[in-house]
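Below: the structure, in structure tokens.
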Amino acid sequence: MQVKEKIYVLYRGKKIEFEEEKMKVKEILKKLNLSGEYAFAVRNGEILDENQTVKAGDEIKIVNAISGG
Amino acid sequence: MKKCLKCGIRTNIYIPQHRLALCPEHYINWFEARTQRTIEEFKMFQKTDRILVAVSGGKDSLSLWNVLVKLGYEADGLHINLGISEYSEISEIKTRNFAQRIGRKLHIVDLGRDFGRTIPQIKENERRPPCSFCGTLKRYYMNLYAREYGYNVLATAHNLDDEVSVLMLNTLSWNIEYLSRQFPVLPEENGFARKVKPFCKMSEKEAAMYAVLAQIDYIEDECPFAEGSTTLHYKKLISQLEEKSPGTKLRFYSEFLSKMYPVIKDRRPKTSINRCKSCGEPTQSEICMICRMRNNLLYGKLQTSTDKADNP
Ligand code: SF4
Ligand SMILES: [Zn+2]
Ligand SMILES: [Zn+2]
């Protein structure tokens, strides 16, 4: 039996999974209610462009630059 | 895919407000050089100055410390452990590790030990919101440590987004008194050390990208008390403007500094400063706000209604 891979997103200490085969960084940000003006994605230490596609099996990290207080 | 302006290799790193694409290596160089230019533009400090950087363990403050040391400045760190459960524990560990990595001295204030109460404990007895007295305590200890250990400059990592949100808030209420103090370098006066903000022209995202590319291990969690703050609300609003027309934030802030600030800077109220009878720090009253807070907490006295911010 084959285990279906997911897109793994690390965001502020939480691990979120998306069932999609592939997604644009833009779409992931949107799902997390973030804007590319202050948030971005990192894969293996590399900063990704909003229009880049990540696919199932990828693990990415979302950095939200905005802080309050 | 875009190409790095400096070396031509393909890159994802693009800064719309400067219409600039850079590879990781050249982004790091650009960010550091831009900080240096800001330091010079506002005559913040020189290589002979002794700088104390307020480091929370977050991306901005660790990046600032990193940049200043790389640029060759004499910069040590001051971390204040606020006693906010896990958040403060991790912050202190990350800050300590970072100090070791760059080989600079780190001073640590532990509020629970040094003030006698942590932020959550003070919160139980205070009417003011946590960020208000937290800010007062941070400023107090920064100034105290600067004087005790002979630093003549206090550097904080306030970035463009921080400055713009405060500027917006103060402009909406035309708070001339606050506006007249919103300059990225405030000279030493009345017993308060010189204060500088070398990141005042770097956006929050630029600082975060620098932290990632320079492989700085910072605390990602937010202080639990930041949730729902006014600053956060304004930052999100301003971000929408910036998205529609990149460069809005930088223009709003820079034009304020060059056109509006000169007009209102002399409106700064002249206040007479005393020395606190209890601890010797500068204050507008007989007893400084920190000593009053401590007395209230330890002896349960009623807070006077004339509380005023001590620090300009
Ligand atoms: S968010 Fe408020 S309480 Fe938390 S560290 Fe910042 S100023 Fe202090
Ligand atoms: Zn390059
Ligand atoms: Zn005092």
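Filter region B:268-295 for residues that are more than 28 Å from B:Arg37 (Cα to Cα) and either within 14 Å of chain A (Cβ to nearest Cβ) or more than 16 Å from ligand 3 (Cβ to nearest atom) (or both) and give the result.
At the first step, the residues of region B:268-295 found to be more than 28 Å from B:Arg37 (Cα to Cα) are B:269-295.
Within region B:268-295, B:Pro269, B:Lys270, B:Thr271, B:Ser272 meet the criteria.
If B:Phe192 passes every condition in (1) more than 30 Å from B:Arg101 (Cβ to Cβ); (2) under 16 Å from the mean Cα position of the chain (by Cα); (3) open to solvent by 20 Å² or more (accessible area, probe 1.4 Å) but one, which one does it miss?
(3)
Evaluate the following for B:Ala226: is it within 30 Å of B:Arg147 (Cα to Cα), surrounded by 14 or more Cβ atoms within 10 Å (Cβ to Cβ) and in contact with a Gly (Cβ under 6 Å, 6 or more places away or on another chain)?
Considered against the rule, which asks whether it is within 30 Å of B:Arg147 (Cα to Cα), surrounded by 14 or more Cβ atoms within 10 Å (Cβ to Cβ) and in contact with a Gly (Cβ under 6 Å, 6 or more places away or on another chain), B:Ala226 comes out as yes.
Within region B:126-151, track down each residue that is open to solvent by less than 50 Å² (accessible area, probe 1.4 Å) and either farther than 19 Å from B:Leu64 by Cβ or in a loop (DSSP other than H, G, I, E, B) (or both). Please lay out each step first, then the result.
Taking region B:126-151 and keeping what is open to solvent by less than 50 Å² (accessible area, probe 1.4 Å), we get B:126, B:130, B:132-137, B:140-146, B:150-151.
Selection gives B:Glu126, B:Pro130, B:Ser132, B:Phe133, B:Cys134, B:Thr136, B:Leu137, B:Tyr140, B:Leu144, B:Gly150, B:Tyr151.
Here is a check on your reading of the model: is A:Glu50 closer than 26 Å to B:Lys249 by Cβ, touching a residue at least 24 places away in the same chain (Cβ under 8 Å) and surrounded by 16 or more Cβ atoms within 10 Å (Cβ to Cβ)?
Yes, satisfied.
Just to confirm my filter: which strands (runs of 3 or more DSSP E) fall fully inside region A:9-69 and include at least 2 residues that are more than 16 Å from ligand 3 (Cβ to nearest atom) and within 24 Å of B:Leu22 (Cα to Cα)? I'd like the intermediate steps shown before the answer.
On the way: elements: A:14-18, A:22-24, A:39-43, A:53-55, A:59-64.
Correct list: A:39-43, A:53-55, A:59-64.
Does B:Gly83 fit the bill of being within 16 Å of ligand 1 (Cβ to nearest atom), assigned to a loop (DSSP other than H, G, I, E, B) and in contact with a Gly (Cβ under 9 Å, 6 or more places away or on another chain)?
It is true that B:Gly83 is within 16 Å of ligand 1 (Cβ to nearest atom), assigned to a loop (DSSP other than H, G, I, E, B) and in contact with a Gly (Cβ under 9 Å, 6 or more places away or on another chain).
What is the number of the single condition among (1) open to solvent by less than 10 Å² (accessible area, probe 1.4 Å); (2) within 14 Å of chain A (Cβ to nearest Cβ) that B:Thr95 does not meet?
Going through (1) open to solvent by less than 10 Å² (accessible area, probe 1.4 Å); (2) within 14 Å of chain A (Cβ to nearest Cβ) one by one, B:Thr95 breaks only (2).
Condition check: away from ligand 3 (no atom under 16 Å from the Cβ) and over 18 Å from the mean Cα position of the chain (by Cα). Does B:Glu163 satisfy that? Before you say what the answer is, go through the steps one by one.
Values: away from ligand 3 (no atom under 16 Å from the Cβ): yes; over 18 Å from the mean Cα position of the chain (by Cα): no.
Answer is no for this residue.
Looking for something on the phi > 0 side of the Ramachandran plot, within 16 Å of ligand 1 (Cβ to nearest atom) and at pLDDT 95 or above - is there at least one such residue anywhere in region B:48-58?
Yes, region B:48-58 has at least one match.
Answer yes if at least one residue in region B:98-107 is within 16 Å of ligand 1 (Cβ to nearest atom), under 25 Å from B:Arg147 (Cβ atoms) and part of a helix (DSSP H, G or I), and no otherwise.
Filtering region B:98-107 for residues within 16 Å of ligand 1 (Cβ to nearest atom) gives none.
Looking through region B:98-107, none of the residues is within 16 Å of ligand 1 (Cβ to nearest atom), under 25 Å from B:Arg147 (Cβ atoms) and part of a helix (DSSP H, G or I).
I'd like the residue in region B:229-257 that is open to solvent by 20 Å² or more (accessible area, probe 1.4 Å) and more than 10 Å from chain A (Cβ to nearest Cβ) and, out of all such residues, is nearest to B:Ser88 (Cα to Cα).
Looking at the filtered set, the residue picked out is B:Leu237.
On the given criteria, is A:Ile7 at the interface with chain B (Cβ under 9 Å from one of its Cβ atoms) and buried (at least 17 other Cβ atoms within 10 Å of the Cβ)?
When the stated conditions are applied, A:Ile7 does not pass them.
Looking at (1) in a helix (DSSP H, G or I); (2) under 30 Å from B:Tyr253 (Cα atoms); (3) within 14 Å of chain A (Cβ to nearest Cβ), which one does B:Ser88 not meet, given that it meets all the others?
Every condition holds for B:Ser88 apart from (2).
Can you tell me which residue is nearest to the other protein chains (Cβ to nearest Cβ) among those in region B:198-217 that are out of contact with any strand residue (DSSP E or B) (no Cβ under 9 Å at 6 or more places or on another chain) and not hydrophobic (A, V, I, L, M, F, W, C)?
If we take residues in region B:198-217 being out of contact with any strand residue (DSSP E or B) (no Cβ under 9 Å at 6 or more places or on another chain) and not hydrophobic (A, V, I, L, M, F, W, C), then B:Glu204 is nearest to the other protein chains (Cβ to nearest Cβ).
The values are calculated or read from the model by the stated rules, or taken from the named source; none is laboratory data. Quick caveat: nothing in here was measured; it's all calculated off a predicted structure. Heads up, the Cβs are rebuilt from the backbone with ideal geometry, glycines too, and the neighbour counts pull from every protein chain shown. The accessibility values were calculated without ligands, DNA or RNA, using every heavy atom of the protein model including side chains. Shrake-Rupley method; radii C 1.70, N 1.55, O 1.52, S 1.80 Å.
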